[in-house]
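The values are calculated or read from the model by the stated rules, or taken from the named source; none is laboratory data. Quick caveat: nothing in here was measured; it's all calculated off a predicted structure. Positions of Cβ are generated from backbone atoms using ideal geometry, with glycine treated the same way; all protein chains shown enter the neighbour counts.
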Amino acid sequence: MNEIREIVTKAIVGKGKKIIRLNNTVTPENEAFSILGCWVINHEFEASLSDRNVQIDGTLEVNIWYSYDNNTRTDVARQVFKYSEKVKTRQIVKDVSDDSRDVIVRILQQPTCTNASINNNVIDVEIVFEVLAEIIGETKMMITVFATTSSEPQDIVDDNFENEINENFIDESKIVG
């Protein structure tokens, strides 16, 4: 005879993914002649749940290596940017307790500078990264429990699997080397 039982468990109840593009400007100390490199470091963020969306607030540091003085000297311009982005999520499970929801955000693609250009002694930078937001919540699931035919506990089957392994299955005389 089968029985149906309800189990209360935590599961992913909502998901969302977003490619975030940030455009900012960096003002170097000297008049930039050319850009030699651009790096994004020290990315930190916090995520919170706002209705069915995930709010991500973070900071990242942009370092731009540039030349100046008619391409004879170099320097690094550094600037910390703050950002705030909302990730829309799709609800996977409908029956969820709102008080028990948590958020997990993972960075799928680390922040990178995809474009940097000099405009009137200011360096315009474009930073791109991708995030995955998951909402974890308490939900119920129904399972079928199959009863055993006898009241005695089932015997544990010992397959003796380790004795059946042939350790010499590779014929070394046929290996071309």
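Contact annotation: residue pairs with Cβ atoms under 9 Å, 6 or more positions apart or on different chains, pairing a residue in the range 96-118 that is more than 14 Å from Ala133 (Cβ to Cβ) with a partner that is of a type in the set (Ser, Thr, Tyr) and loosely packed, with under 13 Cβ neighbours inside 10 Å, are Ile118/Ser34. In the set (1) more than 19 Å from Asn42 (Cβ to Cβ); (2) surrounded by 12 or more Cβ atoms within 10 Å (Cβ to Cβ), Thr72 fails one condition alone, (2).
Inspection of the range 10-27 finds a residue satisfying the criterion of being under 19 Å from the mean Cα position of the chain (by Cα), touching a residue at least 24 places away in the same chain (Cβ under 8 Å) and within 15 Å of Asp124 (Cα to Cα).
Surrounded by 14 or more Cβ atoms within 10 Å (Cβ to Cβ), under 21 Å from the mean Cα position of the chain (by Cα) and without any contact (Cβ under 8 Å) to a residue 24 or more places away in the chain: is that true of Glu61 in this structure? Judged against the criteria, Glu61 is a match. Among the residues of the range 132-148, write down those that are among the polar types (S, T, N, Q) and not in a strand (DSSP E or B). Residue satisfying the conditions is Thr148 alone. Looking only at the range 75-88, how many residues end up being surrounded by 15 or more Cβ atoms within 10 Å (Cβ to Cβ) and under 30 Å from Gly137 (Cβ atoms)? Selection size over the range 75-88: 3.
Looking across the range 108-131, the residues that are exposed (fewer than 15 other Cβ atoms within 10 Å of the Cβ) and assigned to a strand (DSSP E or B) come down to Leu108, Gln109, Gln110, Thr112, Thr114, Asn115, Ser117, Asn119, Val122, Asp124, Glu130.
To keep it simple, each residue is scored yes or no on (1) modelled with pLDDT under 95; (2) in contact with a Pro (Cβ under 9 Å, 6 or more places away or on another chain); (3) not charged (D, E, K, R).
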| residue | (1), (2), (3) |
| --- | --- |
| Ala11 | yes, no, yes |
| Glu44 | no, no, no |
| Ile56 | no, no, yes |
| Lys82 | no, no, no |
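Can we say Gln91 is over 25 Å from Leu36 (Cα atoms), of a type in the set (S, T, N, Q) and either surrounded by 12 or more Cβ atoms within 10 Å (Cβ to Cβ) or touching a strand residue (DSSP E or B) at 6+ places or on another chain (Cβ under 7 Å) (or both)? Taking the combined requirement at face value, the residue satisfies it.
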